[in-house]
Every structure is written in C-alpha cells, then in structure tokens.
Amino acid sequence: MSHPLPHAITTPVLLCLLTLTGRNVLAQDRLPEVTTDSAAYCTKLLDRVQQLRLAASAPPPREAIALTEEGQHMCDEGLARGGVMRLRQALRILLRAGEEP
Amino acid sequence: MASRSRFAAFQSAGIRFAATYAGLLAVSGAALALFLWWATAGLLDRQTEAAITTDALGLSERWADGGLRALVAAIGDRLAGNIDDDAVYLLADPSYGQVTGNLDRWPPSVREAGQFYELQVMRAGMRSLARVQAYDLPQGYHLLIGRDVVVRSQLRQLLTDALLWALVIVCGLAWIGAFVVRGMFRRTLSSVSQTALAIAGGDLTQRVPLTGRGDEFDQLAEVINDMLDRIARLMEGVRQVSNAIAHDLRTPIARARTRLEDASLHAESAADLHSAIERATADLDGIVGVFQALLRISEIEAGSRRAAFDRVDLIPPLAGVAELYEAVAEARGVTLMADLPAHVTIFGDAALVQQAVANLVDNAVKFSPDGGTATLAVRVLAGGVEIEVTDHGPGIPAEERQKATQRFYRGEAARHTPGSGLGLALVQAVAQLHGGTLRLEDAVPGLRAVLVLPQSGGVQTV
Amino acid sequence: MRILVVEDDKDVAGFVVRGLKEAGHVAEHADNGRDGLFLAVSEPFDAIVLDRMLPGGIDGLKILETLRSQQNLTPVLILSALADVNERVKGLKAGGDDYLTKPFAFAELLARVEALSRRGKTEGPTTKLVVEDLEMDLLARQVKRSGQKIDLQPREFRLLEYLMRHAGQVVTRTMLLEGVWDYHFDPQTNVIDVHVSRLRQKVDKPFPVPLIQTIRNAGYTLRAERA
C-alpha cells in the first residue's frame, strides 16, 4: 500500500489496525492463508465445470467455454487468482444457462 | 505571571470575538468532516458488515435445513460463485480444526463470536486485509465469515487523510480569519476611541466618522456625535456664561462695592449711609435676579423639567401675560394687541412657556416706539403651535440675530434700556426643551419673534 | 402673633427674629432640627418660619412631615436656598403653606408670614368683602365705594379682591403676581406698579380717603391712612 501522503498520518492508523488484530507485523509466516488462491482450487473449479457440462442438456454457451480455457491456461501459468476468477465466471454462466428452460 | 497575561489576553473584546469566530469555524469544520467521514468511509464498513451478516443468515438456514453436510456444500457453492473474489469462510470443529472453507487455519486473534475483527491474511503471497466475524454453531462448531476489504480500506484511508487535511486547512483559515475579524473590530473601535482621545485632549470639534453604510456602528457613531454636539453646546453655554460673568456681572458687583466703600469712607450722616446701603441692596438684588435667571436657563437646558410635561392649554397663561403687560404698554403709550384662539393644547410645561412669552412681550413693549403697536398672536399650524410676538421698534439687525439668543447678549439699540440680556436665551432654551424653535425675523421695521412648539412633544437634543 | 423661627444661620436668624419683634410679634428661635421640632410640637404658634437645611439630623421637611402627621395645622413658611421648581413643589407637598427663597427681603417674609396666619382664621364662603367704605360683591362681581358704583375690568377686579382679602396686611408685588396672575417669575419690569396705579385711578382718586397705600420697599396694603 503506497500513499502520496505523509506517513505521519497513515502509520498511526495502520498501527491501530494491527494492534486490533493483535498480531506481530514481522511474523509473516503466522498469517492465515486464503486457500482459494491456488492451483489446487483451480482444479476443483474445473471439476465443477465439467460436472455442469455433463449434466447440461444443451451445449454450453461459447463464452463459458472461452472463459474455462482461459482460466485453465492462467492457472497452468501460475496466475492462480486470475484463473480462479475466470473459472468462477464460467461457472456462473453455466449455472444460469442450466436454470433456463 | 504567565497565567495572568493569558487572562489579560482574553479581556480584549477583539480577541474574544476573533476567538469565538475561529472556534465556531473550527467546530463547524470538524463537525462537517466527521459527518462526511461517517457517510463515506463509515458506509464502506457498514456495507461490508451487512454483507457478512446476510451471508451468515443464509448459511445458518442451510445448517438448519440440512445440518453439517448442507452447510459444507453451501460454503463450497458460495466460494465457487464468488466472482468478486472477496469472500472468506472457515467452518471449524470444536477444537478449531478446519472442516471446510478457504482459510487455512482459525485466526488466533478472533477469540469471540458476534464481533467484527479486521484480519491480515495472505493471498497468493501478498498481504491483504479481511473483515471477519465468528459465529458459534450448535455442537460446538465455529463458522468464520468475512470479506476482503483491502481496497475498501485503502479508500477509507484516502478519505480519512483528505478529511484530516481539510480539517487542518480549516483550522488554518480560522486562525487567519480570527486575525481579520480582530482587525475589523479594532479598526471600527479605533475611530471611536481616536475621536474620544482627541476630545479628551480638548478638541471639541472632532466627531466620529461615519462609514455611510448605515449599520449598527454608524448608528452608534451618530448617537455619540449627537452627544458630543450636546456637550459642545453645553460647554459653549458655560463658556459664554463665564465670559459674561466676567463682563456683565462684575460691573454691578463692583458698583455695589464701590458705593458701600464710598459710603463708609465719605458718608456724613446717617441718612447718607442709609441711602447708600439701600442702593447697594438694590444692586445686589439685581445681581441675584441675574443669577436666578441664569440658573433657570441652565435648569431648562439640562432637560429635567421635561419629566413634568403634561397636556396643557396655553391660552389661559398666555392671556394672563397679555393682560399683565397691557397696562404697562398703555402706560408707555404703546398698544398691545392679543390675537388668541379659544384653546390651544400642547404637551409641555405651561409655566415655562408663559415665562418665555412674557419675556418676548416685555421686550416688544419695551422697544416699541411711542404710539406704536405690539402684537401677541397664537396660531395652530400643521407643524405645531406658533406664538408670534411682533413690535415695530429698532429690531435686531440680520447679522446679530444668530447671537441674539446667547446669554447676556444686548443689542446696540438696547444698550441703554434696563435688562440683563438673558430674556431671549431663556426663550431659546424653552423652545429647545419642547422640541420646538425660536425664529427671529425682520418685521420691517422691528422684530417678529416666532416661538414654534410641536403639539405632541418631540424628542430633541438641547 | 407668636412665630417660631427655625434657622441655623445666626445672622439670618437674628435678623428675622429682630425684625419680627420690631413688627410687634413674639418670636421664638431654634437653631437646629431637634429643638425646632420639640418647640413646634409642645407650644402653640400662629406661624412657623422653617429653614430646610438644618443640622442635628432632622431637616426642615422632616419636621414639617412630622407636624402634619400629628394633625398640627400651624401655617409654615419654608425658607430655602434651593430655588428650583422641583424643590418648591417638594416643600409645598410636604405640607408647607408658602415657600420663600434666599436671599429674601425682610418685608417679603413679614408680609407672607402675616398673610399666612390670617389664612387660617377667616373664610367660610364669603359673598361680600368690606373695607371702610369700599364694598365688593363677589357674586354680582360689583364694586361700590361710598355707594357709588366703580367700573372695573376683570383684572382690576381680581387685583382689588386680593388686596381686600388681605386688608391691613402688607402685600408684596411677588404675592400679587402669584395670587392674581399665577405668575411665578420675576418680570423685571414693574408690571404690578402699573396695574396698581391704574386701580388707584378708579378706586382712590375720585374719593377723599385713599385706601391703597404703598409700603416703601415692601409692597402695598389696603387700609385707611393713619395719621
């Protein structure tokens, strides 16, 4: 986080926040980790996408396919968060398509 | 000593005004900033908390419907559908071990349920910030729901910084404004105090300058100037009297003294002494009369007689004056005519008006030539009551009419007639007390003195 | 008459007391408020001459108020150096019957004191005034002397009436101005003299015995001339 403003104002605010959490700033390795920002989660999402495609009556919308491929590609490249986001979007489109009669 | 000087600063009204202004501006600015902060940054927090609470409600319904399995499925669905990539869930067993969710461990700082915490979390190797709340479930399970708020918190930080700076600027402006206000205050007062200083120094001609805006300060200046005019007039009166006493009273006093001294040195018989004493007594009585008249004029000018004003009919006392002087006029071969309406009412002091008119009539009769006519006429006009006394004697030359109402003034023509020169001064004083005027005009030949009195009694300065 | 003089100034008091005695009256003197009040309350007087400013804690007005509150109606002439109208009114309101400012001519004081004492005694509504052969009918507004009718203008009538009501007493010019014309100021010129002289033309001149006498340095009086 970078500020154009003097640290004299922002640092006390940050310190306040940190004392709330009661954490030692320097002990980075003890912070909880969000597990959905990983290649492993990508795989899980891909499974979900497959399941939906199999269960679907109609062929999936083209956008969904494109997003799925993009997502998969990004995850393979190591850009987990971006990939996860695209896969989630693809899932949503598929879910919506599945809900329509 | 420091505390005393601090209090002394607050005794200055200018500083008090300026400080009040600055204080009000700063407080207003702070209140506005606080409100803005609450409306914006505060709103961001409230939105996040509302989202978490709604989420919790939904998930608890799933638990109620289908127990643990349904909850797990629900969490998985929500995570899969979290397009905004900001949701944080952790379902933990009674020993805080992970059951499902996207947080790898229960954050130790989140000790109690039902409270919002801000949590630092790691996302793909970068630090982020989440706002979370823990919920206690039946059978000892714990559910943590949260949202990633790093962007929001950056925004909130920006807003807070901006508002704090705005507050600093407002305080700076208040400070400057305070000086400006104090300057304005001082400038306005200084014109008054400078005038007062000049007057205290002896220059009675100074007046407080008007800005022409007609505002409260101008009104104050006008009142002060009126008061100064009055003071100047009264002081002029005192000066005149002092001069006159030096002139006109010393003479009869000296004469009386001379007579007595002469008698004590040169009287040859008891009869001589007796007559000298009698003449001296008469002189002294004359002097006492002059003093009485002076005191009377001062009393009238001081204005205290106004308290005894009443609605009075002027005709009976004025008719009495005409009657009184008619005999005198006849004895001199002068005809005194009176032209009086049946009733004339004014708000004032009948005795004073009677005395004033008597002075005018006395003068008119005194200065009328043998066989001449003097008139006393009273008229009611729109502006007020006019009492006119006319004679056709020598009159007063135009250039002397202004001075004629001064104390002890005696015109050239009157040099050799008895009188103290206070008659017109008294008439003038009575006129002013009643809010009216005295006009001296040329009766071609002679003098027409017109005493104009308002019927209702105006407010005036003497 | 028995007259009480309450005045702290020795010269003025001496002057007044001497003058009163010479005029044939009995005069008592007190030089402070306490003694003055004591005398006024404990002995009967026909008139009191009361100075306003007195030492001893009790001033003239207080004495006056005390007397009046005890239903003591002795006529009181107030003497004062305070000449302005407010003070005059104050004095008369406190119960005084007349007010004379200092400095005063003794003749004025004497005339007024004598007039005061007379005031209490006569009256009841009168319809006729008679002095020697002069008769005045107040109802018909007519004057006759020795049976002859005298034509008088209203102002002359009032002037004669005043003189007749104070017949035998000295009436000063100031008293006439106040009593007949309700005029409370000194007119400088001798207006009264002129009026009296005109009255004389009508009332005295056609008759053998003059009734209107001039009292030197004092005023006038209405009485038959004494030999």
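Read-outs throughout are calculated quantities, based only on the coordinates presented, and are distinct from any laboratory measurement. Remember, predicted model here, so these are calculated numbers, not experimental data. Here the Cβ is made from the backbone with ideal geometry for all residues, glycine too, and neighbour counts use every protein chain on show.
Take the alpha carbon atoms of region B:141-206, find their center, do the same for region C:2-57, and report the distance between the two centers in whole angstrom. Cα centroid to Cα centroid, the span is 79 Å.
Counting only other residues whose beta carbon sits under 14 Å from that of B:SER275, what net charge do I get with K and R as +1, D and E as -1?
Net charge around B:SER275: -2.
Working from label points 7 Å from Cα in the Cα-to-Cβ sense, the B:ARG105 to A:GLU99 distance is 3.9 nm. Our summary gives chain B a relative contact order of 10 percent, counting only alpha carbon pairs under 8 angstrom and 6 or more residues apart. Of B:VAL389, B:VAL450, the sequence from fewest to most neighbouring Cβ atoms within 10 angstrom is B:VAL450, B:VAL389. Dividing the summed helix terms, -39500 (n - 2.57) for each DSSP H run of n ≥ 4, by the number of residues in chain B produces a 222 nm estimate of -19500 deg cm²/dmol to the nearest 500. The ellipsoid equivalent to the alpha-carbon distribution of the protein assembly as shown has semi-axes of 115, 30, 27 angstrom, derived from the gyration tensor eigenvalues as √(5λ) and listed largest first.
Considering just Cα atoms, how many Å³ per residue does the convex hull of region B:306-461 enclose?
Numbers: hull volume 16.7 nm³, N = 156.
Dividing the Cα hull volume of region B:306-461 by its residue count gives 107 Å³.
Mind checking the log10 I(q)/I(0) for region C:156-215 at q = 0.13, 0.30 Å⁻¹? Debye, one equal scatterer per Cα, no solvent, two decimals. Values, matching the q order: -0.32, -1.51. If the reach is capped at under 19 angstrom between alpha carbons, list the aspartates and glutamates near C:LYS149, excluding any in the same chain fewer than eight residues apart. Partners within reach: C:GLU132, C:ASP133, C:GLU135, C:ASP137, C:GLU161, C:ASP204.
In chain C, the DSSP-assigned H stretches of four residues or longer account for a calculated mean residue ellipticity at 222 nm of -12500 deg cm²/dmol, using -39500 (n - 2.57) per stretch and the full residue count as denominator.
Other residues lying with their Cβ under 15 Å from the Cβ of B:LEU422 contribute a combined charge of 0, Lys and Arg counting +1, Asp and Glu -1.
Here the contact order of region B:306-461, divided by its residue count and restricted to Cα pairs under 8 Å and six or more residues apart, works out to 23 percent.
Sort C:ARG141, B:ARG230 by Cβ crowding within 10 Å, fewest neighbours at the top. Write out the running numbers ahead of the final one.
Details: C:ARG141 11, B:ARG230 14.
With the sparsest Cβ surroundings first, the list reads C:ARG141, B:ARG230.
Here the relative contact order of region B:14-157, from alpha carbon pairs under 8 Å that lie six or more residues apart, stands at 21 percent.
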